[in-house]
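What follows is a single structure, written as structure tokens, with notes after it.
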Amino acid sequence: MANNYLTIFSYFFDTLFPNRCQICGAPLKSGGYICNSCELNIEYIKGNTCKRCGAPVSLKVQKSGLDLDSENIWICSNCRGFNFRFNINESLYVYSGILRELIHIYKFEKRWKLYKYFSEKIIEYKLEYIEKHDYIVAVPLSKSRLKKRGYNQSSLIADEISKRSGIKYLKNAIKRRGSSKPQSLTNSFKERYINMTDKITLNHRYEDLINNKNILLFDDILTTGITASECAKALYDNNAKSVNLLTIARTLR
Ligand SMILES: [Zn+2]
Ligand SMILES: [Zn+2]
């Protein structure tokens, strides 16, 4: 039912605004989603990054003893205080400015077709990383959020990057039990942690499949990493060989 509403909404939106920039509304002569001037203002993560969470780091950051690979390991101060359950994260963008606005309209204003834009960019910049994995899984929404929104923004993109990369997407691989409040509405770090405890499990039908496999977990934004960590734990508890995270954007504190 929700999908019918989305299709109708999308039809009217496309009729009213054919080929317009999703951010500023400027007409787009050759299709696409974002105009050139808005695109230029989107901040990609480049240069040195934290090898755990993918945040940009300055050269001042000290080398850590963590043995993630044989190269020099750069770990940001946030990651030194919290142990994620996934190995590493890579993000395409910094979660700020225009990009933050774009993710917001993608999630909360029913512009679900933007999954195509994000998927294109992720494939353009992160294909090599994606191809290191056997399967892709997406961080789930709670049932109530899914019902309200009508789509899981992470699932749409995970499915599309699977089609474009050839790495299989395991749909509904992770289940979210209970009715935990959306993380964006909770207050403190501590509350977020309590909010998530024991709510996330692996779908039983994938237990054998993920055994000893390298899993790429996909989410839209990496903030505290707690939700993604709970998902990674569920995968490791079922004998995944490795779990890495891929996100559209990384918040910076
Ligand atoms: Zn624009
Ligand atoms: Zn970090």
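Considering 108, 86, which residue is touching a helix residue (DSSP H, G or I) at 6+ places or on another chain (Cβ under 9 Å) and surrounded by 20 or more Cβ atoms within 10 Å (Cβ to Cβ)? Full working, then the answer.
Details: 108 fails: surrounded by 20 or more Cβ atoms within 10 Å (Cβ to Cβ).
So the residue among 108, 86 that is touching a helix residue (DSSP H, G or I) at 6+ places or on another chain (Cβ under 9 Å) and surrounded by 20 or more Cβ atoms within 10 Å (Cβ to Cβ) is 86.
In the stretch 134-151, what residues are in contact with a helix residue (DSSP H, G or I) (Cβ under 9 Å, 6 or more places away or on another chain) and either more than 20 Å from residue 91 (Cα to Cα) or not in a strand (DSSP E or B) (or both)? Walk me through it before giving the result.
Within the stretch 134-151, the first condition is being in contact with a helix residue (DSSP H, G or I) (Cβ under 9 Å, 6 or more places away or on another chain), and the residues that meet it are 135-141, 146-151.
If the condition is that a residue be in contact with a helix residue (DSSP H, G or I) (Cβ under 9 Å, 6 or more places away or on another chain) and either more than 20 Å from residue 91 (Cα to Cα) or not in a strand (DSSP E or B) (or both), then 139, 140, 141, 146, 147, 148, 149, 150, 151 are the ones that fit.
State which residue pairs qualify: first residue hydrophobic (A, V, I, L, M, F, W, C) and inside the stretch 39-55, second residue within 16 Å of ligand 1 (Cβ to nearest atom) and modelled with pLDDT of 85 or more in any location, beta carbons under 6 Å apart, and separation of 6 or more residues or different chains.
Going by the 6 Å Cβ cut-off, the qualifying pairs are 42/98; 42/99.
Test residue 141 against the criterion of being open to solvent by 20 Å² or more (accessible area, probe 1.4 Å) and modelled with pLDDT of 95 or more, and give yes or no.
Numbers: open to solvent by 20 Å² or more (accessible area, probe 1.4 Å): yes; modelled with pLDDT of 95 or more: no.
Against the criterion (open to solvent by 20 Å² or more (accessible area, probe 1.4 Å) and modelled with pLDDT of 95 or more), residue 141 does not qualify.
For the stretch 161-179, give me each residue that is in a helix (DSSP H, G or I) and open to solvent by less than 30 Å² (accessible area, probe 1.4 Å).
161, 162, 165
Filter the stretch 19-48 for residues that are outside any loop (DSSP other than H, G, I, E, B), open to solvent by 30 Å² or more (accessible area, probe 1.4 Å) and not aliphatic (A, V, I, L, M); which is nearest to residue 242 (Cα to Cα)? Explain how you work it out, then say what you get.
Kept after step one, since they are outside any loop (DSSP other than H, G, I, E, B), are these residues of the stretch 19-48: 20, 27, 36-40, 44.
Imposing the further condition that a residue be open to solvent by 30 Å² or more (accessible area, probe 1.4 Å) reduces the set to 20, 27, 36-37, 39-40, 44.
In the following step, the residues that additionally are not aliphatic (A, V, I, L, M) were identified as 20, 27, 36-37, 39, 44.
Working: 20: 41, 27: 44, 36: 38, 37: 39, 39: 34, 44: 26 Å.
In this case the residue turns out to be 44.
Kindly establish whether residue 107 is farther than 22 Å from residue 243 by Cα, assigned to a helix (DSSP H, G or I) and among the charged types (D, E, K, R).
Criteria met by residue 107.
The values are calculated or read from the model by the stated rules, or taken from the named source; none is laboratory data. Because the structure is a prediction, the values reported are computed rather than measured. All Cβ positions, glycine included, derive from the backbone under ideal geometry; neighbour counts span all protein chains shown. We work out accessible area using only protein heavy atoms, side chains counted, and drop any ligands, DNA or RNA first. Shrake-Rupley method; radii C 1.70, N 1.55, O 1.52, S 1.80 Å.
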